[in-house]
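> Got a structure for you, written out below as C-alpha cells; questions coming shortly.
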C-alpha cells in the first residue's frame, strides 16, 4: 500500500483540477450506516416499501416512523470524520475543486468543502408537500409524525426517493465537473448506483486519472480506475495527505 499512497500523492501534486465522487462508505466512520451491503439499511427494510416516493405519498407516517425519524436522529449528531476532513484539506491546498456526493448527510459541507454537488439531494432540509417551504431538519419537531409545515402540509426530506428523478442541475454539473477534471478520486462508493457511477467513466474518457479508495474492489476497479487503494477511507486519506504535504512542503 505504501507505493500506492505515494503514487496518489504524486498524482495529486501534479493535478490541477481534482474532483471527488463519494458514497456511503465515506460516512461509515461517522456512525452512518450504508444503505447497501453488509449491515446496510436495506438488509432490514425493502427499499421499495420505505424509500420509494409512492410508499411515502401513500403512507408518510409509516415511512417517517420506519426510516426518516431514525435517520434524523443519526444525522442530528453526526460529524465529519477524517475522510471528509481529508477532502476539505485537499480543497484548502488548492487541489480539489468539487465534491460529487451520493450521500444526503451534509458532512462534506460541515468539514469545509465549499462546492458540493448533492446527487441525491440533502437530508439537511425538509420540504412541505403543499407550499414547498423548507425547514432545517435539525430544527424539525418530530413529536408529531409526520411533522407538518406551518401551513399544515406534511414535511418530506429534500432528498431523492426511489422513483424520483435526479435533479437536472446536479446531473449537468456533475457531468461537467467530471469531464473537466484531470484527476478524480472515488471514495467509499460501491459504484453500482446509476447514473452516479458513470461520473468516473466520463472523467476517464476525458483523459483524467481515476484513483479509487475503497475497502474492496468495485465495478470501476477493472475497467475504469487507474489503481485501487484498499482500506478505510479515513485512514487512507490521512496517509495521502501526509505524503502530499511532504511532497509539496505545504502543511
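We did not get these values from a lab; they are worked out from the coordinates using the rules stated. Fair warning: this is a prediction, and the values are worked out from it, not measured in the lab. Reconstructed Cβ throughout: ideal geometry from the backbone, glycine too, with neighbour counts over all protein chains shown.
> Between residue 92 and residue 164, what is the label-point separation in nm under the 7 Å Cα-to-beta-carbon projection?
With each label point 7 Å from Cα toward Cβ, the separation is 3.4 nm.
> If the viscosity is 0.890 mPa s and the temperature 25 °C, what Stokes-Einstein diffusion coefficient in µm²/s follows for segment 87-129 when Rh is the Kirkwood radius over Cα pairs? Before the final figure, lay out each step's value.
Details: Rh = 11.0 Å.
My calculation gives 224 µm²/s for D.
> Something else: What's the percent breakdown of Cα-Cα distances in segment 89-209 across 10 Å bins, shortest bin first?
Histogram of Cα-Cα distances, whole percents per bin: 13, 38, 29, 15, 5, 0.
> Hey, what number do you get for the chain at 222 nm if only DSSP H runs of n ≥ 4 count, each worth -39500 (n - 2.57), divided across all residues, to the nearest 500?
-10000 deg cm²/dmol
> For the chain, what is the relative contact order in percent, using Cα pairs closer than 8 Å and at least 6 residues apart in sequence?
Working: 461 pairs, mean separation 64.5, N = 251.
With pairs under 8 Å counted, the relative contact order is 26 percent.
> Only bridges whose two residues both fall in the chain count here: according to DSSP, what percent of them are antiparallel, nearest 5?
Values: 8 of 31 bridges.
Bridges in the chain are about 25 percent antiparallel.
> OK, next. Separation of segment 163-178 and segment 93-143 by C-alpha centroid, Å?
One Cα centre to the other: 15 Å.
> How long, wide and thick is segment 167-251, going by the Cα atoms along their three principal axes, in whole angstroms, largest first?
39, 27, 23
> Based on the Cβ-Cβ distance from residue 217 to residue 58, what FRET efficiency comes out when R0 is 30 Å, to the nearest 0.05?
Numbers: r = 39 Å, r/R0 = 1.29.
Here the calculated transfer efficiency is 0.20.
> Could you give me the radius of gyration and the Dmax of segment 191-235, taking only the C-alpha atoms into account and expressing both in angstrom?
10.4, 29
> To check you understand DSSP bridge types, tell me what percent of the beta bridges within segment 78-161 (both residues inside) are antiparallel, rounded to 5. Write down the numbers at each step before the final one.
Numbers: 8 of 11 bridges.
Of the beta bridges lying entirely in segment 78-161, close to 75 percent run antiparallel.
> For residue 150 and residue 230 in the same chain, what is the full-extension length gain: residue separation times 0.36 nm, less their Cα-Cα distance, in nm?
Taking 0.36 nm per residue and subtracting the Cα distance, the gain is 24.0 nm.
> While we're on this one: Once both axes come from the Cα atoms, what is the angle between helix 82-92 and the longest principal axis of the chain, in degrees from 0 to 90, rounded to 10?
Around 60 degrees separate the two axes.
> Working from Cα positions, state the angle (0 to 90°, nearest 10) between the long axis of helix 2-14 and the longest principal axis of the chain.
Approximately 90 degrees, to the nearest 10.
> Can you sort 173, 242, 156 so the residue with the fewest Cβ neighbours within 10 Å comes first?
Working: 173 16, 242 13, 156 20.
Listing 173, 242, 156 from fewest to most nearby Cβ atoms yields 242, 173, 156.
> With a point put 7 Å past each Cα toward its Cβ, work out how far residue 192 is from residue 77 in nm, to one decimal.
Between residue 192 and residue 77, the label points sit 3.0 nm apart.
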